[in-house]
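Reviewing the structure listed below.
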Amino acid sequence: MSLPQKLCDAKSWVKIGLIRVSVLNSLQVELKAKLNGKKFLVILDDVWIENYHDWTILRAPSEAGAPGSGIVITTRNQGVSSMMGTIPAFHLQVLSDDVCLSIFTQHALGEKEFSAHPNLADIGVDIVKRCKGLRLVAKTFGGLLRIKMDRDEWEDVLNSKIWDISPEKSGIVPALMLSYHHLPSY
């Protein structure tokens, strides 16, 4: 079994709560040996782990790497960013309405504008306003509506009550919850 496969297996065990310390330790030893003296870049996307102890354990093998090696994390959680504490966080700004609209229409219509579907333009603009400049949300809704060219279906998405549920109550960004709600049932 390759090292990435072993790491994925270890992650699965941790995820379901069956922490196998000896397996994790052997993986760290193997990873440290493979990284020893080598320059590397690891990118961890959409990180939510705030436990400092877990991060120290995860980061330990990387300390064997050559100077210039690094770990880049992306997160929407300021607590994760602060805990890492190595360099100041780089905060991405939300997209402008025009850029967000362009992404939405590209995914919804396969075009950068509503010229072929003028009957959907006003609803599309209103949906994009509810995306609040978030690229993932614009892309998700564009993809959701790509197969739906009926104005009523677009209005159903725009007027859904799911937009009004706070992420704190549901644990899910309302726009993505709405996307989930519209998944086919097959």
* Confirm whether PHE90 is among the aromatic types (Phe, Trp, Tyr) and in a loop (DSSP other than H, G, I, E, B). => yes
* Under 7 Å between Cβ atoms, at least 6 apart or on separate chains: pull out the pairs that start in the stretch 112-141 with a residue that is closer than 14 Å to ASP97 by Cβ and aliphatic (A, V, I, L, M) and end on any residue that is open to solvent by 60 Å² or more (accessible area, probe 1.4 Å) and at pLDDT 90 or above. => VAL128/ASP97
* Mind counting the residues in the stretch 66-95 that are open to solvent by less than 70 Å² (accessible area, probe 1.4 Å), over 19 Å from the mean Cα position of the chain (by Cα) and closer than 24 Å to GLY37 by Cβ? => 4
* Asked: Can you tell me which residues in the stretch 94-111 are touching a residue at least 24 places away in the same chain (Cβ under 8 Å) and part of a loop (DSSP other than H, G, I, E, B)?
  -> VAL94, LEU95, SER96, GLY110
* Structure fact -> Taking the stretch 83-135 and keeping only residues that are touching an Asp or Glu at 6+ places or on another chain (Cβ under 7 Å) and modelled with pLDDT under 90, one is left with MET83
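The values are calculated or read from the model by the stated rules, or taken from the named source; none is laboratory data. Because the structure is a prediction, the values reported are computed rather than measured. Here the Cβ is made from the backbone with ideal geometry for all residues, glycine too, and neighbour counts use every protein chain on show. When the accessible area is computed, the model is the full protein with side chains, heavy atoms only, and any ligands, DNA or RNA have been set aside. Shrake-Rupley method; radii C 1.70, N 1.55, O 1.52, S 1.80 Å.
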